[in-house]
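Down below is the structure, laid out as C-alpha cells.
Where a number appears in this text, it was derived from the coordinates with a stated rule and is not lab data. Note that this is a predicted model, so its numbers are computed, not measured. Virtual Cβ from ideal backbone geometry, glycine too; neighbours counted across all protein chains shown.
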Amino acid sequence: MAEEIEQEVEAPEAEIRDTDIVFDCPQCGKSLVIDYRGAGLTINCSDCGTPVLVPIPDGMDIKDLDLDSGEILKQLFATRKNYQKVEVQLQQLKVRLEQLQEALGVMQDVVAEGLKV
Ligand SMILES: [Zn+2]
C-alpha cells in the first residue's frame with residue numbers, strides 16, 4: 001500500500017485565490033485549481049482520474065516551497081505517525097492470522113481424525 005500525498009483539487013467554481021494554480025487537465029480538459037504548494041506534484045484529475053503534473057507557475061521557483069519547512073515537517077510527522085499506526089495494525093493482523101492458521105490446523109487434524117474412524 002503506497003502512501004499517497006493527498007492534495008485537495010477544488011472545483012473551478014470555488015473561490016480562486018491569488019496563490020492558486022489554475023490549469024487544464026491534458027486528458028479531459030477540465031479546469032483544475034490547486035494550492036500553489038501543489039506545484040510540481042502529480043495529482044489525479046477530479047474529473048477523469050488521470051494523474052496530472054501540476055505546472056510550476058512562471059516566476060515561481062520550486063525552491064521557494066522548500067522554505068516553508070514548518071509546513072513540510074508537519075506533513076512529514078503526520079505521514080510518519082500514520083505509517084506507525086498502519087505498522088501496528090499490520091502487526092496485529094499478522095498475530096491474528098497466525099492464530100487463525102493455528103486454529104485451521106487444529107480443525108484439519110480433527111477432520112483428518114474423523115475421516116479415519
Ligand atoms: Zn481529466
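Run the numbers for VAL111 and GLN75: contour at 0.36 nm per residue of separation, minus the present Cα-Cα distance, in nm.
7.7 nm
If each residue's Cβ is checked for other Cβ atoms within 10 Å, how do TYR36, TYR83 rank with the fewest at the top?
TYR83, TYR36
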